[in-house]
Amino acid sequence: MKLFLKIIKILLATVFTAYIGLIAHQLVFQSKEKRFHIAGNMQGHGWSQAMFGILNWQHPDYAAAFFERSVPFNKRGDYATGFYYLNTAVDLKPLHHLGYRGYMKLRFLRDYKAALADFDRLDAMTPNVVDAPWGEDIDFLRGECYYGLKNYPKALEHFEQSVANQGADWADVQAFVYQGLCHYEMQHFDEAIIAFENGLTQYDTTCEAYFGLAKTYLAVGDTISARNNLNKAQETLPYKHTDHYKEYLNEIYQEDLDRLKKRL
């Protein structure tokens, strides 16, 4: 019996030692690319952060590991921690990570000046390329920055450039909506109407364009057109520009439609 227990203990100790060895191998000795892949697939878990921590220590110039480590913190809203790692990635490889940092500053932090600085710096680094930070046209994003800063003439300039960059048939329909909003804020009502209608030519379910038209027609005293476009905005509200993780600068809500309806 004693021999049997001793054998069991030896087997358990061997299995435990092998397990610890496997863990150590995965954490420390595998190639940095394999560990990056494993940690990235477990993003947000403690095991992932431990592996990224070792990668950061072993390879302090591996920008991708700092970038990927930042993502779950930013997703959870822990921007202080997330940007600590993201800033390191930008310092190491600005060309690769400036656009994403600018996007985060714009869409999540609403730090328009800082976002604009990142976009302008990226653009200066790639003079012969139209950049697309996180998949969006850089001039569209810069236009949003200026719009958030209430610099409507400068915002309009960039939204028009965004359409020129991509072509009217391929540009984001919201570029036309923002053009209309900029004209509206500058009380260029005829130009605002043209811009909103250009957006509807592209997508006739763009509720933001209908809502912009309703406001603009009300501003010039055409209450019939204002009411008609408000009704269309109500019909197309389910198709509005929205995202589960963030609020857009020009996002509209049922409350906005209700308030305008009361004015009519």
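The values are calculated or read from the model by the stated rules, or taken from the named source; none is laboratory data. Just so it is clear, the model here is predicted, and its values are computed rather than measured. Note that each Cβ is placed from the backbone with ideal geometry, even for glycine, and that neighbours are counted across all protein chains shown.
Of note:
- Hey, LYS215 at pLDDT below 95 and either charged (D, E, K, R) or farther than 23 Å from GLY148 by Cα (or both) or not: no
- Top-ranked residue in segment 123-145 [being aliphatic (A, V, I, L, M) and within 16 Å of the chain's Cα centre (by Cα); ranked as nearest to ALA175 (Cα to Cα)]: LEU141
- Flag for LYS93 being under 16 Å from the mean Cα position of the chain (by Cα) and of a type in the set (Lys, Arg): no
A quick yes/no check of all residues on (1) modelled with pLDDT of 95 or more; (2) touching an Asp or Glu at 6+ places or on another chain (Cβ under 7 Å):
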position	(1), (2)
LYS75	no, no
ALA89	yes, no
HIS97	yes, no
ARG101	yes, yes
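- Figure legend. Inter-residue proximity from segment 70-91: first residues within 18 Å of HIS244 (Cβ to Cβ), second residues part of a helix (DSSP H, G or I) and not basic (Lys, Arg), beta-carbon distance below 6 Å, spacing 6+ or different chains. Indicated pairs: ASN74/GLY82.
- Matching residues in segment 153-192 - criterion: being aromatic (Phe, Trp, Tyr) and touching a His at 6+ places or on another chain (Cβ under 8 Å): PHE189
- Residue under evaluation GLY148, criteria (1) more than 14 Å from the chain's Cα centre (by Cα); (2) under 22 Å from THR242 (Cβ atoms); (3) without any contact (Cβ under 8 Å) to a residue 24 or more places away in the chain; (4) surrounded by fewer than 19 Cβ atoms within 10 Å (Cβ to Cβ), criterion not met: (3)
- Residue match in segment 71-84 (condition: within 17 Å of the chain's Cα centre (by Cα) and of a type in the set (A, V, I, L, M)): yes
- Taking first residues from segment 103-130 that are under 17 Å from LYS154 (Cβ atoms) and touching a residue at least 40 places away in the same chain (Cβ under 8 Å) and partners that are hydrophobic (A, V, I, L, M, F, W, C) and assigned to a helix (DSSP H, G or I), the Cβ contacts under 7 Å between residues at least 6 apart in sequence or on separate chains come to LEU106/ALA115; LEU106/LEU141; LEU106/CYS145.
- Looking across segment 235-264 at every residue that is in contact (Cβ under 8 Å) with a residue 40 or more places away in the chain and assigned to a helix (DSSP H, G or I), the one that is surrounded by the fewest Cβ atoms within 10 Å (Cβ to Cβ) is identified as ARG263.
- Condition met for THR242 (within 25 Å of LEU106 (Cα to Cα) and within 28 Å of the chain's Cα centre (by Cα)): yes
- Set side by side, the residues PHE211, PHE196 differ, and just one is buried (at least 16 other Cβ atoms within 10 Å of the Cβ), free of Cβ contacts under 8 Å to residues at least 24 places away in the same chain, more than 26 Å from ASP111 (Cβ to Cβ) and touching a helix residue (DSSP H, G or I) at 6+ places or on another chain (Cβ under 9 Å), which is PHE196.
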